[in-house]
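What follows is a single structure, written as structure tokens, with notes after it.
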Amino acid sequence: MHHHWSDITFIHWRYPAARVQALVPDGLTVETFDGTAWVGLTPFLMEGVRPPGLPALPWLSRFPETNLRTYVRDERGRGGIWFFSLDAGLLPAAVGGRTGYRLPYFWSDMSVEAGDGNLRYRCRRRLPGPGGARCDADVERGEALAESERDELAHFLTARYRLFTLVAGRPASAQVEHPDWPLHHARLITLEQDLVQAACLPAPEGRAVVHASPGVPVRVGMWAW
């Protein structure tokens with residue numbers, strides 16, 4: 001599938017690796033940076049969704065999404081993303097993500113507003129239940145990171161080119177292709193969320209590490225072992 005991930009914010013917190021590993025399937029090991037695992041909320045606008053060789057349909061190709069994720073390696077040493085949940089603001093997208101990509105998608109009431117350097121995300125989960133989990137975030141997107149500011153942590157949290165899921169009870173992966181993220185400084189103005197807790201993780205503690213980006217074009221391959 002081809003997408004464009006637009007107006008994205010990466011919000012990350014440290015977590016004990018053992019606590020996160022308990023929610024990851026056998027065959028995948030949580031990656032750590034600076035001694036801890038990392039859990040991220042990534043709200044954004046999905047645009048231009050289409051299969052190869054077909055045009056994007058206006059009523060199906062543009063919708064908000066919010067992902068809750070961590071970072072893992074498989075038994076072959078390949079790194080990538082493990083999703084705890086993915087909320088989509090379009091019912092066919094949520095159904096297609098569950099059935100076609102076997103990812104834990106939810107249908108949610110969502111919106112993304114961008115203007116004057118500010119980003120406003122709203123998400124309230126509908127189906128499958130129990131509903132009501134939410135992620136409401138207001139973010140100030142600042143200047144682009146200088147090359148010297150693109151440190152190892154920023155790379156670890158954002159430069160991810162593989163997705164993992166379970167297919168027939170076994171870990172499977174799909175490659176993701178996109179240019180380097182044009183990362184910006186970002187500041188959380190407000191955040192009210194319980195998507196993290198809904199995934200059976202404790203509420204995040206401490207200051208979040210936040211990056212934002214105008215977005216990149218993305219191509220996601222099919223699952224393979």
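The values are calculated or read from the model by the stated rules, or taken from the named source; none is laboratory data. Nothing here was measured: the structure is a model prediction, and the numbers come from that model. When we count neighbours, we look across all protein chains shown, and the Cβ atoms used for this are built from the backbone with ideal geometry, even at glycine. When the accessible area is computed, the model is the full protein with side chains, heavy atoms only, and any ligands, DNA or RNA have been set aside. Shrake-Rupley method; radii C 1.70, N 1.55, O 1.52, S 1.80 Å.
Only residues that are of a type outside the set (Asp, Glu), part of a loop (DSSP other than H, G, I, E, B) and under 18 Å from TRP5 (Cα atoms): list them for the range 176-221, please. Answer for the range 176-221, where residues must be of a type outside the set (Asp, Glu), part of a loop (DSSP other than H, G, I, E, B) and under 18 Å from TRP5 (Cα atoms): HIS178, PRO179, TRP181, PRO182, LEU183, GLY221.
Examine the range 127-135 for a residue that is in contact (Cβ under 8 Å) with a residue 40 or more places away in the chain and in a strand (DSSP E or B), and state whether such a residue exists. Yes.
Only one entry of ARG125, ARG187, ARG160 meets the criterion of being modelled with pLDDT of 95 or more and over 17 Å from the mean Cα position of the chain (by Cα), and that entry is ARG187. Among the residues of the range 165-187, are any of a type outside the set (A, V, I, L, M), surrounded by fewer than 17 Cβ atoms within 10 Å (Cβ to Cβ) and touching a Pro at 6+ places or on another chain (Cβ under 8 Å)? Scanning the range 165-187, I find at least one residue that is of a type outside the set (A, V, I, L, M), surrounded by fewer than 17 Cβ atoms within 10 Å (Cβ to Cβ) and touching a Pro at 6+ places or on another chain (Cβ under 8 Å), so the answer is yes.
On inspection, TYR101 passes the criterion of being hydroxyl-bearing (Ser, Thr, Tyr), crowded, with 17+ Cβ neighbours inside 10 Å and closer than 15 Å to ALA224 by Cα. Within the range 115-164, the only residue that satisfies the criterion of being surrounded by 19 or more Cβ atoms within 10 Å (Cβ to Cβ), aromatic (Phe, Trp, Tyr) and closer than 30 Å to ARG78 by Cβ is PHE164.
For every residue, the table says whether it meets (1) in contact with a Lys or Arg (Cβ under 7 Å, 6 or more places away or on another chain); (2) more than 15 Å from THR158 (Cα to Cα).
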{"site": "ALA172", "(1), (2)": "no, yes"}
{"site": "GLU177", "(1), (2)": "yes, no"}
{"site": "VAL196", "(1), (2)": "no, yes"}
{"site": "GLY206", "(1), (2)": "yes, yes"}
{"site": "HIS211", "(1), (2)": "no, no"}
{"site": "VAL216", "(1), (2)": "no, no"}
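I'd like to check something: does the range 203-216 contain any residue that is in contact (Cβ under 8 Å) with a residue 60 or more places away in the chain, under 17 Å from the mean Cα position of the chain (by Cα) and open to solvent by 60 Å² or more (accessible area, probe 1.4 Å)? No; the residues of the range 203-216 include none that is in contact (Cβ under 8 Å) with a residue 60 or more places away in the chain, under 17 Å from the mean Cα position of the chain (by Cα) and open to solvent by 60 Å² or more (accessible area, probe 1.4 Å). Checking each residue in the range 77-117 for being without any contact (Cβ under 8 Å) to a residue 40 or more places away in the chain, within 22 Å of LEU157 (Cβ to Cβ) and assigned to a loop (DSSP other than H, G, I, E, B) picks out GLY77, PRO104, GLY117.
Just one residue in the set ASP116, ASP87 is under 23 Å from TRP181 (Cβ atoms) and more than 15 Å from the chain's Cα centre (by Cα); that residue is ASP116. Among the residues of the range 152-171, is any acidic (Asp, Glu) and either free of Cβ contacts under 8 Å to residues at least 24 places away in the same chain or outside any strand (DSSP E or B) (or both)? Taking every residue of the range 152-171 in turn, at least one turns out to be acidic (Asp, Glu) and either free of Cβ contacts under 8 Å to residues at least 24 places away in the same chain or outside any strand (DSSP E or B) (or both).
Annotation: of all residues in the range 82-98 being aliphatic (A, V, I, L, M) and surrounded by 20 or more Cβ atoms within 10 Å (Cβ to Cβ), the one that is modelled with the lowest pLDDT is ALA93.
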